[in-house]
Amino acid sequence: MLGRGPARLNRLQRRYAQRRHARELAGSQPVHLVVFDVLETAQDGDLRRRPLRERRAVPERLFRRVPARSPLTLAMQTPDPAVAEEWFDTMAVAGVEGLMIKPADSPYVSGARVWLKYKSRQTTDAVIGGVTGSLHRPAALLLGRYASDTGRLHYAGRTTHLTDAQAAAVTPLLVAAIGGHPWPAQLTVNWRSKPTGYHQVAPLVVVEIRADIAADQGRRWRHAVRMLRVRDIAPNEVPLDLDLETENGHRPFRRTLVRSTMRPWGSGAGTGRASTGTRCRPVGGARPWRTP
């Protein structure tokens, strides 16, 4: 978590890229170390075979000696589903992407998928500005939102690979852009990719999507979003920037157990995630988190 405002992973990544200047940046871009588990101490020895509920007592004991305003922070954890639900409902606005669900009786098992990620997802609308694949069979949609400060359509993210049914729904509506387009001929479609070519289309078609709350600099969705359906509304009725709502409507958060595709830092619960130590089992085909 860096500075004031919502916790954003991209802030931490930029700070890490400048780690050679950590001493100079400590004042302007402070970093907080969030501790969620302890695997070994000089006093307790190797804790990995002990269940989570017993391991949790160790960092709680150690943190009694940590000053209140220290950059060291003990991650929130609860065995109470009602408390976890309240965290989920109230902390998304602070940039917390969701919950990590861990079996309370589980030891630490390196490389095993024993945790679940319970993510906040939002349903909203976006304008199609381009496609990958082809105009006859788009593979993914490149989506835009109009900026509140400039009024220009900026690139906001991409969809997951379209199913045949999704592609069939949008293909008849796509019109190749003629005489200019608000985006460059190549786009960096996600935070890890290099600029790539795509097919520019006239920004006339609106689709309903489901996205998680992770965003890069408030300008684009960090992860691929899922197309739900074509919307019969005009592009100027779509919320601005990455807002969820307009003056005439609202798109609520939804709870979703999702498959993890990223390896965790440390043993799993990343910065800005609350966790629950509960008895649980995978639900709805979700893939548990993998510990390193």
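Observations, loosely collected:
- Test: residue in the stretch 39-46 that is within 30 Å of Asp212 (Cβ to Cβ) and either open to solvent by 30 Å² or more (accessible area, probe 1.4 Å) or outside any loop (DSSP other than H, G, I, E, B) (or both): yes
- Residue within the stretch 157-170 that is of a type in the set (S, T, N, Q), touching a residue at least 40 places away in the same chain (Cβ under 8 Å), within 27 Å of Phe88 (Cα to Cα) and in contact with a Lys or Arg (Cβ under 7 Å, 6 or more places away or on another chain) present: yes
- Qualifying residue in the stretch 166-186 (condition: more than 15 Å from Ala202 (Cβ to Cβ), modelled with pLDDT of 95 or more and in contact with a helix residue (DSSP H, G or I) (Cβ under 8 Å, 6 or more places away or on another chain)): no
- Counting only strands (runs of 3 or more DSSP E) that sit wholly inside the stretch 153-244, those with at least 2 residues that are closer than 13 Å to Ile128 by Cβ and open to solvent by 40 Å² or more (accessible area, probe 1.4 Å) are 226-231.
- Selection from the stretch 58-98 of residues that are of a type in the set (S, T, N, Q), open to solvent by less than 40 Å² (accessible area, probe 1.4 Å) and modelled with pLDDT of 90 or more: Thr78
The values are calculated or read from the model by the stated rules, or taken from the named source; none is laboratory data. Everything numeric in this text was worked out from a predicted model, so none of it was measured. Cβ: placed from backbone, ideal geometry, glycine included. Neighbour counts: every protein chain shown. Remember, those area values only see protein heavy atoms, side chains included, never the ligands or the DNA or RNA. Shrake-Rupley method; radii C 1.70, N 1.55, O 1.52, S 1.80 Å.
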